[in-house]
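What follows is a short report on a single structure.
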Amino acid sequence: ESQPSSRTLIAMSSGEAAGSPSVPSRPRQAAPVWQANADAPNCTKCKAPFSLFVRRHHCRYCGKIFCEECSAKTCAIPQFEITKPARVCDDCFVTIKRTNFDFNI
């Protein structure tokens, strides 16, 4: 009889039965508190000042405020049970993709 794969062991440790075809689950994390608009006169990353034409966008992962160029990426965020693509900043996009390599996002 063959030994379970490491993917199966991950699934078993998260409460799923051995041989389950589903993706391993992780505990849900609380979404961050969003930074107040008044606390961000400039983009967190590029420091561009916000105006009528440069709008504020909250990263759904870290809660900080960015301009459109610095938060143009979208992806699912399994840790917050967000399955549809949500706006995230460039740095959080990389973090999410590295952290969730075993999720289909």
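Assign unit charges at the C-beta atoms only (+1 for Lys and Arg, -1 for Asp and Glu), then state the dipole size of segment 37-103 relative to its Cα centre in Debye, rounded to the nearest 20. Walk me through the numbers on the way to the answer.
On the way: 11 positive and 7 negative charges, 18 e Å.
So the dipole magnitude of segment 37-103 works out to roughly 80 debye.
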Practice problem: Run the accessible area of segment 37-103 with a 1.4 Å probe and give the carbon-and-sulfur part as a rounded percent. | Solution: 53 percent
Exercise. Determine the order of CYS46, CYS67 by accessible area, beginning with the largest, at a probe radius of 1.4 Å.
Key: CYS46, CYS67
Quiz prompt | LYS64 accessible area, assembled protein chains, probe 1.4 Å, Å² | solution = 100 Å²
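If ARG98, ARG87, ARG55 are ordered by their accessible area, calculated over protein heavy atoms with a 1.4 Å probe, which sequence runs from highest to lowest?
On the way: ARG98 180, ARG87 65, ARG55 160 Å².
Order by accessible area, largest first: ARG98, ARG55, ARG87.
The values are calculated or read from the model by the stated rules, or taken from the named source; none is laboratory data. Just so it is clear, the model here is predicted, and its values are computed rather than measured. Reconstructed Cβ throughout: ideal geometry from the backbone, glycine too, with neighbour counts over all protein chains shown. The accessibility values were calculated without ligands, DNA or RNA, using every heavy atom of the protein model including side chains. Shrake-Rupley method; radii C 1.70, N 1.55, O 1.52, S 1.80 Å.
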